[in-house]
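Trainee: Got a structure for you, written out below as structure tokens; questions coming shortly.
Since every read-out is calculated from the coordinates, none of them should be taken as a lab result. Please read all numbers here as calculations on a predicted model, not as lab measurements. Neighbour counts run over all protein chains shown; Cβ positions are idealised from the backbone, glycine included.
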């Protein structure tokens with residue numbers, strides 16, 4: 001967290017050092033299992049392993065599939081997960097990954113993940129495990145219902161993903177995907193963590209759509225963590241003062257941005273490398289059609305130990321470029337990350353996620369409240385065309401308290417997205 005020193009990019013801004021009243025959470029633990037407990041439920045007769053399979057799951061497999069075993073597998077913050085090994089009709093062995101969660105929250109998570117992964121897989125099959133089904137357990141009680149998501153299992157290592165391969169795939173997804181309505185949004189609700197995002201709508205304006213997403217995240221934060229008047233006030237100021245000056249220029253003065261399908265939760269824990277093929281995969285998505293720069297804002301967060309390395313951002317931008325106004329890229333990145341940490345704060349009980357959003361919102365308010373909207377011409381001082389036709393752009397570091405310049409290289413052809 002901040003040491004309380006003024007930001008070196010915006011010297012008049014001093015990060016807030018919180019008292020214990022807003023530090024309500026335990027340390028973030030992405031491996032913490034929270035919902036289901038299948039203890040005491042008998043396993044299926046004729047199926048090896050320690051994980052009981054509901055009839056609805058078994059009926060989701062292709063016809064004449066023989067289930068060999070079902071075992072607890074991996075860990076998840078909000079669900080219980082299993083590996084299911086089967087033999088297909090032609091005798092071919094196959095492994096599936098099963099995820100289960102309870103009640104209305106579980107339904108939103110499983111349905112949202114299925115539709116997210118289906119859209120992503122259809123857009124770029126080699127980058128995502130193939131989804132197969134989602135549904136409701138046939139065995140339920142008056143108190144609780146259980147829901148599941150089923151997809152292809154790919155055994156993955158914890159190897160650091162190759163920046164070139166990973167970022168090429170992400171950029172290809174963003175360039176190849178086409179919104180079915182030509183607008184921002186999604187056809188159903190998707191979740192980040194265990195809570196819903198305001199994705200189930202369509203909006204032709206990115207500024208307007210982002211404002212709705214931000215409003216939902218703040219509402220969730222207040223509901224889950226209790227009121228924090230200062231945070232509520234700065235969030236409103238961001239919506240009224242910052243968004244028109246930071247997102248409005250993306251779609252004014254003849255500019256436009258394409259709604260790109262994004263994973264929506266692309267942090268270290270949702271990327272892996274296949275043991276068998278060495279290919280990189282992304283999973284556990286909360287997808288929607290957004291400004292493509294939204295995707296990589298997740299890498300700014302402290303929870304990332306790998307993807308926050310500047311080589312990933314540099315590689316991604318070399319494939320797809322920066323939207324104009326180019327000189328506002330880092331502030332957009334900060335804004336998008338602040339939405340994500342605000343939502344994460346609702347999922348994880350407040351704490352440093354909540355304070356991170358508060359500090360970044362104040363930084364942006366302090367910078368933009370008196371600034372006029374950028375005009376039609378990009379800030380030429382931010383771009384220098386070098387002799388080898390590479391564009392150099394300065395982008396500030398990822399936290400208010402640690403501002404430094406990094407070099408991002410891209411061809412002139414990709415500089416204007």
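Trainee: If you count, for each residue, the other Cβ atoms within 10 Å and average over each peptide, how do 345-357, 50-62 line up from highest to lowest?
Mentor: On the way: 345-357: 23.1, 50-62: 16.7.
Order by mean packing, descending: 345-357, 50-62.
Trainee: Order of 154, 178 from fewest to most other C-beta atoms within 10 Å?
Mentor: Details: 154 19, 178 13.
Arranged by neighbour count, lowest to highest, 154, 178 become 178, 154.
Trainee: Another question, if that's okay. Would you give the gap between the C-alpha center of region 216-243 and the C-alpha center of region 330-369, rounded to a whole Å?
Mentor: 10 Å
Trainee: While we're on this one: Using only the Cα atoms of region 283-377, build the gyration tensor, take square roots of its eigenvalues as a ≥ b ≥ c, and label the shape rounded, prolate or oblate: rounded if a/c is under 1.5, else prolate if a/b is larger than b/c, else oblate.
Mentor: Working: a/c = 1.87, a/b = 1.14, b/c = 1.65.
The shape class here is oblate.
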